[in-house]
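Novice: Sharing a structure below in structure tokens format, with a few things to ask.
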Amino acid sequence: MSRYRGFKSDAWWADGGANDEGWHHKYCSSCGKTTEHGRQVGGSYCVACDNRKRAFRSKVKTHSVEGYVVKEYPNGAKYCNCKGFKFRKTCRHIGQV
């Protein structure tokens with residue numbers, strides 16, 4: 001056996017020798033469980049939490065009213081990107097949706 005074992009990537013060490021390209025189990029503070037995480041530039045993320053966020057984002061409806069964008073979320077909340085909504089938390093564009 002050679003003394004030089006070769007280059008081992010960070011993913012190899014994080015996985016404990018497995019070759020699954022950076023996926024590892026770690027505690028997630030969002031859901032409170034030890035779940036599978038992936039490597040990312042801004043830090044790691046929980047796969048289960050990310051899937052829930054993606055499913056929620058896919059159900060967001062966007063409406064264009066008089067040049068402004070009104071987003072309607074599954075829980076019934078509506079948000080507009082106009083100045084009036086930023087100050088008053090309501091505007092006439094929301095009523096037109």
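None of the figures in this text is laboratory data; all of them are computed from the coordinates on show. Note that the coordinates shown come from a computational prediction; the quantities given were computed from them, not determined experimentally. In this analysis, Cβ positions are derived from the backbone assuming ideal geometry, glycine residues included, and neighbour counts consider all displayed protein chains.
Novice: Each label point is 7 Å from the Cα along the Cα-to-Cβ direction; what then is the distance between the points at residue 97 and residue 72, in nm?
Specialist: Placing both labels 7 Å along Cα→Cβ, they lie 0.7 nm apart.
Novice: So for 37, 24, fewest C-beta neighbours within 10 Å to most, what's the order?
Specialist: Going from least to most buried by this count: 24, 37.
Novice: Report the gain in length on full extension from residue 61 to residue 33: 0.36 nm times residue separation, minus Cα-Cα distance, nm rounded to one decimal.
Specialist: Difference between extended and current length: 7.0 nm.
Novice: Okay, moving on. Using Cβ contacts closer than 10 Å as the measure, can you line up 30, 58 from fewest to most?
Specialist: Taking fewest neighbouring Cβ atoms as first place, the list is 58, 30.
Novice: Suppose the chain between residue 26 and residue 54 were pulled fully straight at 0.36 nm per residue; how much longer would it get relative to their current alpha carbon spacing?
Specialist: Length difference between fully extended and current span is 8.0 nm.
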